[in-house]
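Please read the structure below before turning to the comments.
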Amino acid sequence: MSQHDGATHASSGRVLKVALAANGLLLVVQVVGAVAFSSLALLADAGHQGSDVAALVVAVVAQALAGRAPTDNYTFGLRRAEVMGALLNAVTLLAVAAWVLVEASRRIGDQPEVSGWGVLTLGAAGLLVNGGCAWLLHRSADRSLNVRGATLHLAGDAAGSMGVLVAGTAVVLWSADWVDSAVSYLIAGLLIWTGTGLVRRTTRVLLEGAPPGMDVRDLSALITADERVIGVHHLHVWSVDSTTVALSAHVEVAADSLHYAQLVATDLERQLALRGVDHATLALECHPCDADHGHD
């Protein structure tokens, strides 16, 4: 991890802890308010808020694990802990969305009276806390899926709080209690959209799919474009975590000595790094070199 990446991780770590404290306090206030004001939109937002708190706990723990040094048993360290944390956050989002849909459907035709001013006030508080924390995490420039997942949670809850504001306004101005349940459906849809996107990105990393933007055929062509390369096979590209791309390949080189072949490999690794490959392992196949070595 570079010095810049380390500073970025430290910055996002501080913001995650601040966001966790602020969201934990807001969760308690929202649950009490949802019960007191009979608002499903506020209760749905509180459910999302609870998933935010869980997501932030997971994000803080995962980031701490990912920062550990490599060991003999975990040679890349625990860097995928962040990806697993992001996947857990995504599943939580989808579970909360399902609960909101069930509860909103249950209220159809039996809408309780909603306290508009209370809903309006707590919606504004949620928008301020979640919107502010999401903005701070976005500014930390941390590209990890773990932090991105936490940011999506916060941004989604900020959008949910905006919906709560709309519901509260409708109740205050027009006594339209039904808007409260309608907004709940919109919040659930938002949770499903963000959750499925995050599941797709995290499972791609965990299943060692080629990273987005990395075309295996283009990388193979880049290697074989070197006039000293005869061919390449067993080419694999995958993500170690959400920011580190690894590549391994067998490269057949036209070289008279092992030293010359290693120079070719160094040039190829430099070109691959310019394409976004952080860790390249090239197994050199140089038959003339082997024959030469056998006579020594």
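The values are calculated or read from the model by the stated rules, or taken from the named source; none is laboratory data. Because the structure is a prediction, the values reported are computed rather than measured. Every residue, glycine among them, receives a Cβ derived from its backbone with ideal geometry; neighbour counts consider all protein chains shown.
Structure values in brief
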item: Tally, over segment 102-118, of residues that are surrounded by fewer than 18 Cβ atoms within 10 Å (Cβ to Cβ) and either within 23 Å of the chain's Cα centre (by Cα) or at pLDDT 70 or above (or both); result: 5
item: Candidate set from segment 192-209 (those that are over 12 Å from the mean Cα position of the chain (by Cα) and not charged (D, E, K, R)); member that is nearest to Val83 (Cα to Cα); result: Leu206
item: From Leu198, Leu274, Leu235, residue being surrounded by fewer than 17 Cβ atoms within 10 Å (Cβ to Cβ) and touching a residue at least 12 places away in the same chain (Cβ under 8 Å); result: Leu235
item: Pairs, first modelled with pLDDT of 75 or more in segment 165-176, second outside any helix (DSSP H, G or I) and of a type outside the set (Asp, Glu), C-beta under 6 Å, six or more apart; result: Ala170/Ala176
item: Which numbered condition Gln63 misses (of (1) among the polar types (S, T, N, Q); (2) surrounded by 21 or more Cβ atoms within 10 Å (Cβ to Cβ); (3) modelled with pLDDT of 80 or more); result: (3)
item: Of all residues making up segment 69-94, the number that are crowded, with 18+ Cβ neighbours inside 10 Å and in a loop (DSSP other than H, G, I, E, B); result: 3
item: Options Ala98, Ala34; residue that is modelled with pLDDT of 75 or more and surrounded by fewer than 24 Cβ atoms within 10 Å (Cβ to Cβ); result: Ala98
